[in-house]
1. Can you pull out the residues in segment 204-236 that are crowded, with 18+ Cβ neighbours inside 10 Å and of a type in the set (S, T, Y)?
2. What number of residues within segment 223-244 satisfy the criterion of being more than 13 Å from the chain's Cα centre (by Cα) and either modelled with pLDDT under 85 or of a type in the set (A, V, I, L, M) (or both)?
3. Report, by residue number, each residue of segment 133-165 that is over 21 Å from A259 (Cα atoms) and of a type in the set (V, I, T).
4. Could you tell me which numbered condition D91 fails, if it satisfies all but one of (1) at pLDDT below 90; (2) surrounded by fewer than 21 Cβ atoms within 10 Å (Cβ to Cβ)?
5. Hey, among the residues in segment 188-206 that are at pLDDT below 90 and more than 14 Å from the chain's Cα centre (by Cα), which one's farthest from V253 (Cα to Cα)?
6. Kindly indicate which of V114, V155, V172 is surrounded by 18 or more Cβ atoms within 10 Å (Cβ to Cβ), of a type in the set (A, V, I, L, M) and at pLDDT 95 or above.
7. So which residues in segment 117-152 are part of a loop (DSSP other than H, G, I, E, B), exposed (fewer than 13 other Cβ atoms within 10 Å of the Cβ) and aliphatic (A, V, I, L, M)?
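The values are calculated or read from the model by the stated rules, or taken from the named source; none is laboratory data. Nothing here was measured: the structure is a model prediction, and the numbers come from that model. Glycine also receives a Cβ, built like all others from the backbone with ideal geometry; neighbour counts cover every protein chain displayed.
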Amino acid sequence: MKRFFIFALLCVAAQMMWADWNEPRIYTQEAATGVSIVASTTGKCFHPVSNLFDGNKSTKWDSAIKYKDGKVDIDKFGYIIFAAKVPFILDHYTLTTGDDTKDNWWRNWKTWTVYGGSFEDDAAATAALTTNAGWTAVQHVENDSLLPQENCVDVLYEFSNSTSYPYYKLHVEEVVESHGEHFQQMSEMSFDWPEDFTLSVTGWEGVYNSVTHGIHVTPSREVPGLKIRYSKDGEDYSYTSTPTFLFVGEYEVYFRVSAPGYYDVNGSAKVVIKDKETPTGVEEVTGDGLQVTEKIFRDGQLFINRDGKTYTVTGTEVR
């Protein structure tokens with residue numbers, strides 16, 4: 001399944017409104033499964049672990065599960081460590097039985113555990129395989145009865161987990177029966193990735209009106225865990241709502257959008273507050289004969305610029 005995270009910056013202008021008219025920008029998560037396999041069982045495999053995430057029900061992953069004194073040998077059991085490019089919350093998945101499960105039903109999983117972990121890199125995640133240091137169990141299935149003894153059947157597993165992890169580990173600890181071979185198999189383990197959504201990003205442009213103005217960043221739908229942070233300089237994103245501006249000037253507001261399972265997205269939009277138009281028929285300042293070079297109406301008050309200095313209409317210099 002391909003998954004895309006599209007942030008199309010839709011700049012919508014209305015009366016007194018202004019925005020940067022950028023082309024829509026597309027932000028894509030890793031294609032296909034969205035995960036990469038970091039490590040997998042060292043046991044004998046006739047069908048590689050990559051088959052578990054290939055979206056093809058006619059392929060499967062299998063491996064030998066070794067036992068020692070009636071218990072799974074920790075070094076040779078069925079396991080996978082997989083990672084995503086961005087951390088995501090795993091609270092459900094679908095398992096698909098193999099295409100020959102009806103004839104090899106004893107290979108179905110019976111007991112397994114899914115762990116999540118936050119590690120600096122793949123090497124750190126792999127080093128903690130047998131110690132479990134840094135791994136947190138997010139789901140444990142004991143004596144499963146949901147997987148049928150039939151071919152290519154999907155079974156949904158849901159569980160409680162609200163933490164986003166970049167690494168996950170699957171331990172297949174026991175199969176339905178050893179049947180003299182100690183093999184496990186499964187066709188697919190699939191996830192429902194977050195759906196696409198867009199952002200509408202709108203700035204503001206207009207004449208000074210004694211009202212503060214900011215930018216608007218609006219997602220096209222409700223996204224769990226979504227956070228929007230703002231900045232005036234593109235470095236300090238400590239604002240939880242848009243900075244606003246009152247006085248004449250041009251201001252750029254930066255934003256950063258983040259949500260579990262998505263890439264962070266940075267962008268910006270502008271707030272432009274203009275002087276009011278110069279009213280006509282204003283008398284020149286009298287008494288000294290200096291030339292009036294410009295008449296402006298700023299922040300609700302009329303001023304006159306002349307010879308490099310600014311005066312009120314009564315002739316008082318503004319310092």
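1. Within segment 204-236, Y208, Y230, S231 qualify.
2. Let us first name the residues in segment 223-244 that are more than 13 Å from the chain's Cα centre (by Cα), namely 229-244.
From the residues that got through so far, the ones that are either modelled with pLDDT under 85 or of a type in the set (A, V, I, L, M) (or both) too are none.
The number of residues fulfilling the criteria is 0.
3. T136, V141, V153, V155, listed by residue number.
4. (1)
5. Going residue by residue through segment 188-206, those that are at pLDDT below 90 are 190-200.
Adding the requirement that they be more than 14 Å from the chain's Cα centre (by Cα) leaves 190-192, 200.
Values: S190: 40, F191: 36, D192: 34, S200: 15 Å.
My answer is S190.
6. Matching residue, one of V114, V155, V172: V114.
7. Within segment 117-152, the first condition is being part of a loop (DSSP other than H, G, I, E, B), and the residues that meet it are 118-121, 128-134, 142-152.
With exposed (fewer than 13 other Cβ atoms within 10 Å of the Cβ) added as a condition, the list becomes 120-121, 130-131, 133, 142-143, 145-146, 150.
Once the filter is applied, which keeps residues that are part of a loop (DSSP other than H, G, I, E, B), exposed (fewer than 13 other Cβ atoms within 10 Å of the Cβ) and aliphatic (A, V, I, L, M), segment 117-152 yields A133, L146.
Condition check ((1) of a type in the set (A, V, I, L, M, F, W, C); (2) assigned to a strand (DSSP E or B); (3) farther than 30 Å from N161 by Cα; (4) not assigned by TED's automatic domain parsing to the domain that holds S164) across all residues:
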| site | (1), (2), (3), (4) |
| --- | --- |
| G206 | no, yes, yes, yes |
| V217 | yes, yes, no, yes |
| G225 | no, no, no, yes |
| G234 | no, no, yes, yes |
| F247 | yes, no, yes, yes |
| E250 | no, yes, yes, yes |
